[in-house]
Amino acid sequence: MPDRPLNPTAASLLGFLHYGSMTGWDLVATAQTVIGNYWTLTQSQVYRELAAMAGSGLVEEGERGRRDRKPYSLTDAGRAAFAEWVRREPGSETIRFPLLLTIAFGRHLPPELLAEIVARHRDAHREQLARYEQMRSAALGAADEPDAHGMATLDFGLHYERAVLDWFDQLPVEIRGGEPAGQVDSA
């Protein structure tokens, strides 16, 4: 068992290693694909956690391969630590929305600059919603039955983006610029 409780980064790496042996590079790519829309892992975090987990016996280092990449495999202790972690009650979410911080201090910006920032972020959320809709269509159109767990997280992303876009539409004109509330398209 680990010397310290598993943090979400270490736990997610152990979860990915259930698929099979992977290098740190593979784990970063898998994380970006599978959980990257709602949980970020940096390359340095991944390698730091892999070293710590190898030292705790949760993963086993394999022989270096191409490009000096080292594969890691899950050990029985790693499986047990992951099983313990995944059964625990998740902590409360923390909102870190940098745009909200800018808006909170928006009175210190020229109104047109704040409106430009808000418009760029609204566009980014509209684009993300479109990506999620494409992902959902592709999953539903695939030959295999969609993974219920993956679809649940994707559906959260769809609901989130729609809620954020609705929030943008409700912003006071002095924050978003342009037309009075209710006259903005709601893409």
Problem set entry | Percent of Cα pairs exceeding the 19 Å cut-off, where the set is the range 24-182 | 70 percent
Exercise. Helix 76-87 sits at what angle to the longest principal axis of the chain, using alpha carbons and giving 0 to 90 degrees rounded to 10?
Worked result: 30 degrees
Problem set entry | Cβ charges +1 (Lys, Arg) and -1 (Asp, Glu), total dipole of the chain, debye | 540 debye
For this session: Provide the packing ranking of 165-174, 5-14, i.e. peptides ordered by the mean count of other C-beta atoms within 10 Å per residue, highest first.
Result: 5-14, 165-174
Exercise. For the range 8-87, what's the relative contact order in percent, using C-alpha pairs closer than 8 Å and at least 6 residues apart?
Worked result: 37 percent
Exercise. Can you give the angle from 0 to 90° between the axis of helix 24-34 and the longest principal axis of the chain, with both taken from C-alpha atoms, to the nearest 10?
Worked result: 40 degrees
Exercise. 222 nm [θ] for the chain, helices only, -39500 (n - 2.57) per DSSP H run of 4+, per residue, to 500?
Worked result: -19000 deg cm²/dmol
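Values in this text are rule-based calculations from the coordinates and carry no lab data. Computed from a predicted model, the values in this text were never measured in an experiment. Neighbour counts run over all protein chains shown; Cβ positions are idealised from the backbone, glycine included.
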